[in-house]
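Nothing in this text is a laboratory measurement; each read-out follows from the coordinates by a stated rule. Keep in mind the model is a prediction, meaning the values are calculated, not measured. In this analysis, Cβ positions are derived from the backbone assuming ideal geometry, glycine residues included, and neighbour counts consider all displayed protein chains.
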Number of protein chains: 2
Amino acid sequence: MSKIRPIGIVHSPFKRKEDIDSKKYADSQGFDTVHGELEIFKEYEDGLKDVEGFSHLVVLFSFHKSKGYKLHTEPLLGGILRGVFATRSPNRPNPIGMTVVKMIERNGNRLKVSGIDMIEGTPILDIKPYTSRDQKSPIKLGWLEKKMNS
Amino acid sequence: MSKIRPIGIVHSPFKRKEDIDSKKYADSQGFDTVHGELEIFKEYEDGLKDVEGFSHLVVLFSFHKSKGYKLHTEPLLGGILRGVFATRSPNRPNPIGMTVVKMIERNGNRLKVSGIDMIEGTPILDIKPYTSRDQKSPIKLGWLEKKMNS
């Protein structure tokens with residue numbers, strides 16, 4: 001496939017992975033109060049036209065600190081080994097993350113958002129509007145069911 | 001970033017982009033009745049352990065037919081030019097798509113799913129469990145508000 005390259009970087013209060021309290025992952029609102037910025041490189045700024053109308057954005061990003069992967073992996077929330085595709089682990093065959101953030105304010109090429117669970121300097125690969133096609137309900141959470149509070 | 005390579009391919013009733021009725025995109029349930037399969041290559045099959053417990057999966061895939069992009073683009077649903085990051089157009093700086101599908105049944109390395117909006121042969125890059133952290137409500141749809149029925 002075409003070459004993948006960053007279109008921007010995440011500014012986050014989390015400077016390192018170790019700064020993130022893993023309990024947050026178990027709470028569906030755990031990151032809602034975490035604010036940060038999506039800085040889109042100037043050459044892509046024109047592509048941000050109209051994003052300010054959406055309340056939520058899908059952010060695709062590179063797990064740039066990830067080093068390799070195992071097909072069976074121990075989840076951050078603990079417990080027995082799970083298939084990597086049944087987890088959101090950063091260590092995956094293609095280390096691409098997906099997080100839905102809430103739009104607060106756009107200032108030119110910088111988007112103030114909440115819901116940040118990435119670390120400072122994370123390369124952004126794509127931004128997409130979150131739409132009603134992405135809202136699924138009711139859902140079943142498999143092994144996460146007992147780990148996560150909704 | 002690390003090299004991106006397919007972990008599987010999509011089997012879809014849509015053989016070409018032209019087979020998709022664009023009205024479906026305007027309906028949040030437009031693709032709910034579209035069934036297909038996610039075929040994960042044998043070497044990654046072990047990573048599918050536990051996915052069958054989840055009702056919905058996030059699928060990242062390559063827009064492999066996409067050729068280049070413009071920062072201002074005309075949406076499939078028509079109308080004036082929009083910033084590419086305010087659309088789900090396949091023609092984007094990093095041509096990676098994201099669709100949430102519903103899990104029906106797992107048979108080894110093949111996942112029967114519904115909600116398919118990709119074409120036959122689309123390279124799959126990643127599969128992740130859809131969790132309550134991905135459920136956002138209420139949402140605002142910006143320019144899509146008048147185009148889409150929820």
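Annotations for the structure displayed:
- Entry remark, region A:102-125: residues being buried (at least 20 other Cβ atoms within 10 Å of the Cβ), closer than 20 Å to A:Asp50 by Cα and more than 8 Å from every other protein chain (Cβ to nearest Cβ) number 4 in total.
- Residues of region B:102-148 classified as closer than 20 Å to A:Leu60 by Cβ, in a strand (DSSP E or B) and not hydrophobic (A, V, I, L, M, F, W, C), total: 4
- Restricted to region B:1-101, the set of strands (runs of 3 or more DSSP E) holding at least 1 residues that are in contact (Cβ under 8 Å) with a residue 40 or more places away in the chain and either closer than 25 Å to A:Thr122 by Cβ or at the interface with chain A (Cβ under 7 Å from one of its Cβ atoms) (or both) comprises B:56-62.
- Residue match in region A:140-149 (condition: free of Cβ contacts under 8 Å to residues at least 24 places away in the same chain, within 9 Å of chain B (Cβ to nearest Cβ) and among the polar types (S, T, N, Q)): no
- Only one of B:Val113, B:Val100, B:Val58, B:Val84 that is over 25 Å from B:Val34 (Cα atoms) and in contact with a Lys or Arg (Cβ under 7 Å, 6 or more places away or on another chain): B:Val84
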